[in-house]
Structures are given as C-alpha cells and as structure tokens.
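Have a look at the structure below, then the notes.
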Amino acid sequence: MSTNTIDNNRKVTTRRLVEMKHRGEKISMLTAYDYSSAKIIDEAGMDVILVGDSASNVMAGNTTTLPITLDQMIYHAKSVMKGVKRALVVVDLPFGTYQGNSKEALASAVRIMKESHAEAVKLEGGAEIKESVERILSAGIPVMGHLGLTPQSINKFGTYNVRAKEKEEADKLIADAKLLEEIGCFAIVLEKIPAKLAAKVAKELTIPIIGIGAGGGVDGQVLVMHDMLGINKGFSPRFLRRYADLAGIMTDAVQNYISDVKSGDFPNEQESY
Ligand code: KIV
C-alpha cells in the first residue's frame, strides 16, 4: 500500500480537502451505506465517505435514486458514522427534500446533521437550487455540489448518457460551478462529463472538484462501492474500474456453505460445543 498520501490519524475536514487541492494531493472518495463497510473503508485510509442516494439502487434495488426517503438516508448515515473515525462523511439530500423550497432544504439538512452526526451534505444542481444551498450554508452546514449527470433528474434527461457535450450545457455547467464556489460550497462532484470540461472547471475553481466519469484532470475521484468491488455486476460503464469480483467470491463461498450443510460436513466436531 502506498502511504505517502495517507495520514491515518488526522481527521479529514472540509478545510483539509481544500488544502489537499492546493498541494496537488488527489482526494479519494467512495460511497458506503452501512457500519461494517464504512469501518473497512475508513480504516483503509479513504479521505471522504459519501452516504450516497445510490443506496436507493444498490441497497434497496430501485432503478433510480428517486424513491429513497430522508428517513432512509438518515438510517444509512447513522450506521456509517458509527464505523468512521477519520474520513469526512458527506450525506446526499434525497430527491424532493430540497428543490424549490429553501426552508424545507434547511430542515432536511438539519435533520441529517442532528440525527446522524455526519459532517456535510451534498445537493444536485446549480442556479436552480441556489437559495436552498445558501440557506443550508447560513446554518453552518458544509455543502458539496453535484453537477453534470445528476441522477435525481433522470426523468428530465431521459438517459444516463454523458452530459455537457454541447457548448450551451457546458457553459451552464461552468457558470453553475462558479456560482456554487462563490456562495460557499466546499467541493463539487462532476459526474459523467467530458474530461476536458471537467479539467477546465478544476483549473478555474479554487475548491476541490471530485469526478466520476469526468477524467483524470480533476482533484479527486469518487465511485460507488458496490460497482468498484464488483458486487453490482450488471453495471459496467466505461468510467468504472473494478478492483474486485466480490460477487464471484460471495457466490463461491455461499455455494461451498450450501454444499457443506447438505453433505453434513458443517459443522464438524471443532465447530460444535
Ligand atoms: O449517490 C451517489 O453515489 C453519488 C455518486 C455517484 C457521486 O452521488
């Protein structure tokens, strides 16, 4: 393991992420939704753990992120927080809890912070959610932005294809990123956009830009745990690198267990009282 960028004792804060960008140290970010995985990921040295609303897909089996509720996100965030000592924990505000009503946005963010003890929230969108972001920030709650492919808007986009390939959408994305920085977001996730555009945003902004399907010219990378560990085998976009085949390992282990139970090999004498 390379340890040159990992300080396992020092708590990661929003301020420290900005320092990392300025030092040119890349930021690692991965999702987690439960205590046991979060503990492993934190102890491995991850900088940021995202309790993503992708829990709707990979934990609950929904086809989109839209159905997950605030109560369900808080449940996941509470479980994750119990396993984390060092990483910064960011929680997604779910669909329908912040758009179009900044008071409701603040109330949703406050619930997440109070009930889970997480350290920041993430919201999808730019100018259209400015008031919500500002109100949350005014309560001292750090906000991470999310632009590009924003899965909560899948019904508007119609597909999960690469976003901002055309100039008009790219210009809006740059303007939105600058706006989010100006009003006080501490970082922005850019999802599934051209690498050149993402690199330009990372260069022009002083806050960290974390990419997913946004190339290597940004300040850090985020992936969904189930995708990179090969648990969720049905999802294989070009940007995804699989670091393990846990579905294969789990299938083998479970089949061995079934066969040991059926044959009477398990439990043996040493495994009995
Ligand atoms: O919910 C999630 O997992 C996310 C990442 C894809 C960035 O928002």
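What do you get for Rg/Rh of the range 53-175 when both radii come from the Cα atoms and Rh is the Kirkwood radius?
On the way: Rg = 14.7 Å, Rh = 15.1 Å.
Taking Rg over the Kirkwood Rh, I get 0.97.
The residue 11 and residue 104 beta-carbon pair, evaluated with R₀ = 30 Å, returns a calculated FRET efficiency of approximately 0.45. For the chain, taking Cα atoms only, Rg and Dmax work out to 19.7, 70 Å respectively.
Normalised by the number of residues in the chain, the mean separation of alpha-carbon contacts (under 8 Å, six or more apart) gives a relative contact order of 15 percent. Remark: the chain carries 51 Å² of accessible area per residue (probe radius 1.4 Å; ligands, DNA and RNA excluded).
Taking 92, 171, 53 in turn, the Gaussian network model of the chain (Cα-Cα springs below 10 Å) assigns the largest fluctuation to 171. Based on Cα contacts under 8 Å between residues 6+ apart, the range 1-88 shows a relative contact order of 38 percent.
Among 156, 262, 122, which one shows the highest mean-square fluctuation when the chain is modelled as a Gaussian network with alpha-carbon springs under 10 Å? Greatest mean-square fluctuation among the candidates belongs to 262.
Ratio of the range 110-224's C-alpha Rg to 2.2 N^0.38 Å, to two decimals?
Numbers: Rg = 13.7 Å, N = 115, 2.2 N^0.38 = 13.4 Å.
Rg over 2.2 N^0.38 Å, computed on Cα atoms: 1.03.
Pairs 26/233; 26/85; 78/192; 11/39; 11/82: which are spaced more than 18 Å apart, C-alpha to C-alpha?
Over 18 Å Cα-Cα: 26/233; 26/85; 78/192.
Once a ≥ b ≥ c are taken as the square roots of the eigenvalues of the Cα gyration tensor of the range 47-107, is the result rounded (a/c under 1.5), prolate (a/b larger than b/c) or oblate (a/b not larger than b/c)? Cα axes put the range 47-107 in the oblate bin. Of the solvent-accessible surface of the chain, computed with a 1.4 Å probe and all protein chains present, 53% belongs to carbon and sulfur. Under a 10 Å cutoff between Cα atoms, tell me which one of 15, 242, 86 has the largest fluctuation in the Gaussian network model of the chain. Checking each option, the largest mean-square fluctuation is seen for 15.
Suppose every K and R has +1 on its Cβ and every D and E has -1 on its Cβ; what is the size of the dipole of the chain about the Cα centre, in Debye to the nearest 20?
Numbers: 33 positive and 34 negative charges, 144 e Å.
I would put it at about 700 debye.
The values are calculated or read from the model by the stated rules, or taken from the named source; none is laboratory data. As the structure is a prediction and not an experimental result, all values here were calculated from the model. Note: ideal-geometry Cβ built from the backbone for every residue, glycine included; neighbour counts use all protein chains shown. All accessible areas refer to the heavy atoms of the entire protein, side chains included, with ligands and DNA or RNA removed. Shrake-Rupley method; radii C 1.70, N 1.55, O 1.52, S 1.80 Å.
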